[in-house]
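Here is the structure we will look at, set down as structure tokens.
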There are 2 protein chains.
Amino acid sequence: MPRLNQQFMTVKAGHQIKCQSEARDDVLVLCSGWAFRYIQLSDGGRQILRFLLPGDIFSPAAIFSKGMSFSAKALTEVEVSRLDGEEVRTQCRADELVMMEVFRSLGDNGRASYELITVLGQRPAERRIAHLLLSLIRRIAAHGEIPDQRYPFPLKQQHIADAVGLTSVHVSRVLALFRERNILTLADRTLQVTDPAALERLAALN
Amino acid sequence: MPRLNQQFMTVKAGHQIKCQSEARDDVLVLCSGWAFRYIQLSDGGRQILRFLLPGDIFSPAAIFSKGMSFSAKALTEVEVSRLDGEEVRTQCRADELVMMEVFRSLGDNGRASYELITVLGQRPAERRIAHLLLSLIRRIAAHGEIPDQRYPFPLKQQHIADAVGLTSVHVSRVLALFRERNILTLADRTLQVTDPAALERLAALN
DNA sequence: CGTCGGGTTGAAGATTGTCAATCGTAGTGG
DNA sequence: CCACTACGATTGACAATCTTCAACCCGACG
């Protein structure tokens, strides 16, 4: 099994990793830190499509299909590995497990997209934010056991706002509400959940 | 090249084609009529994820990845072809072109999802509706040349509402506005566009 | 002729956005 | 060590957008 050619880079917090019209056909993988995919609108708005954690592929869909145009930015300082697209494709054909991994990633992203569409279309502010927080918590927990319901959480309120389609002002108010109701506290780059059941009730998508 | 086993069914307008927890691992293809994918919420709300036109696969992602759970309904009377999942997968491995077709479909759906997320998160009612209408127009036009900017359009206002995350009452008001401004008229299962440029301006995602 | 589904309209209220001021904290440079 | 600054979070007042509820219309259809 040939080792794939890879090339590393590190990007500082807040800086661009990939822009909408990136021509190159490479596969980027997040090795450490947090990042996010987003679409930049000309009127200054931006929609965050998904947050990326270590191990995530920046654009799994782009491996087999052209023309996904979104940008990606580093949320914290990150390390990114760049693989040649063609090598990845031949590797997929050769190794069933690699292929499966790519499909799993594609499936996760698709499911997350549909959930986000549903949340944005059908849920009020509180429940949108609860859903985002719980989704992230689950993914963080899958990466390593977390003591005590305290999760590392590098997002600013503006990121939450851009992810769930609200203003940062409104996000601030909703988080204040959560704090008053003793559901969770978000401060100091840490998310502490005090009432996980309540959070799940709000985030539920049934 | 072996002909795939297929089995046809027709479903009347408004009836279920596939439900969220469909266990069977088959590939459904829409042969005629319109349908839509959606997620049903327990509180009565529903989010329409995508409208399907003839030739569309109900769940391209499900071919290679488990656990996409949405339902599908017929919008008009439809004909659906059912293929065995396993046969489709072996066919994909055998025939590069079939594989490419599936990837194209996956890519289209992914792109559409990201656009919908952006529209729902960042755009007000008018622009959401404009975006939906224009997307549909483009797809209809791709299916056969259309004279005169008059498009067949089987959606009720409730469908538009569930697709863009608004109430049907508000959809009605926005459509009235479009009519007053001579942008388009929606009546009688036909969509007539009188000012395509204005529609594109509203629908634009830049 | 009645009724039913879908569309339209008005009035009132809830949710969310906008604008602007304030505050706290962490640099940064003198 | 002390301004000075910059950034993010918070708060209040107000406005816009969208929903809710209810009534009504109208054409299709039994």
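FYI, it's all coordinate maths here, none of it is from the lab. This one's a predicted model, so the numbers in the text were calculated from it and none came from an experiment. Heads up, the Cβs are rebuilt from the backbone with ideal geometry, glycines too, and the neighbour counts pull from every protein chain shown.
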> Inter-copy label distances at B:P54, 7 Å along the Cα→beta-carbon direction, one decimal in nm, shortest first?
Replying inline: 5.3
> So how strong a dipole does the protein assembly as shown carry about its Cα centre when Lys and Arg Cβ are +1 and Asp and Glu Cβ are -1, to the nearest 20 debye?
Replying inline: 1040
> Along the charge dipole of the protein assembly as shown, which of B:L184, B:F36, A:C19 sits closest to the positive end, that is, farthest toward it, with unit charges on the beta carbon of Lys, Arg, Asp and Glu (+1, +1, -1, -1)?
Replying inline: B:L184
>> Under 20 °C and 1.002 mPa s, how fast does chain A diffuse according to Stokes-Einstein, given a Kirkwood radius computed over C-alpha pairs? Answer in µm²/s, whole number.
In response: 118
> Classify the protein assembly as shown: rounded, prolate or oblate, from the alpha-carbon gyration tensor (a ≥ b ≥ c, eigenvalue square roots; a/c under 1.5 rounded; otherwise prolate if a/b is larger than b/c)?
Replying inline: oblate
> Cross-link list B:K18/B:K156; A:K18/B:K156; A:K66/B:K12; A:K18/B:K66; A:K73/B:K66: which exceed 32 angstrom alpha carbon to alpha carbon?
Replying inline: A:K18/B:K156; A:K66/B:K12
> Using a simple charge model, +1 on the beta-carbon of Lys and Arg, -1 on the beta-carbon of Asp and Glu, nothing else, what dipole does chain A show about its Cα centre, in debye to the nearest 20?
Replying inline: 540
> Which one of B:Q122, B:L134, B:G85 has its Cα pushed farthest toward the positive end of the charge dipole of segment B:84-206, where Lys and Arg give +1 and Asp and Glu give -1 at the Cβ?
Replying inline: B:Q122
> Can you give the helix-only mean residue ellipticity at 222 nm for the protein assembly as shown, where every DSSP H stretch with n ≥ 4 adds -39500 (n - 2.57) and the sum goes over all residues, rounded to the nearest 500 deg cm²/dmol?
Replying inline: -13500 deg cm²/dmol
> Shortest first and in nm to one decimal, what separations exist between B:R111 and its copies in the other chains, measuring from label points 7 Å along the Cα-to-beta-carbon line?
Replying inline: 2.6
> Once a ≥ b ≥ c are taken as the square roots of the eigenvalues of the Cα gyration tensor of segment A:3-56, is the result rounded (a/c under 1.5), prolate (a/b larger than b/c) or oblate (a/b not larger than b/c)?
Replying inline: prolate
> Counting only other chains, what is the mean number of Cβ atoms within 10 angstrom of the Cβ of each residue in peptide B:105-114?
Replying inline: 6
> Taking the label point 7 Å from Cα in the Cβ direction, how far apart in nm is A:E77 from each other copy of itself, listed shortest first?
Replying inline: 6.7
> Once you average over the residues of B:3-10, how many Cβ atoms of partner chains fall within 10 Å of each Cβ?
Replying inline: 0
> So between A:N182 and A:S81, what do we pick up on full extension, going 0.36 nm a residue minus the alpha carbon distance?
Replying inline: 32.3 nm
> Just how large is the dipole of segment A:140-206 about the Cα centre, in debye to the nearest 20, putting +1 at every Lys and Arg Cβ and -1 at every Asp and Glu Cβ?
Replying inline: 200
> Which whole number gives the average, over all residues in B:56-66, of C-beta atoms from other chains lying within 10 Å of the residue C-beta?
Replying inline: 3
> Quick one: if the Förster radius is 25 Å, what FRET efficiency do A:T194 and A:H170 give, using the C-beta to C-beta distance and rounding to 0.05?
Replying inline: 0.70
> What is the set of long-range amide H partners of A:I17 at a cut-off below 5 Å, with H atoms built 1.01 Å from backbone N?
Replying inline: A:A72, A:K73, A:A74
> How do A:L205, B:L184 rank when sorted from fewest to most other Cβ atoms within 10 Å of their own Cβ?
Replying inline: A:L205, B:L184
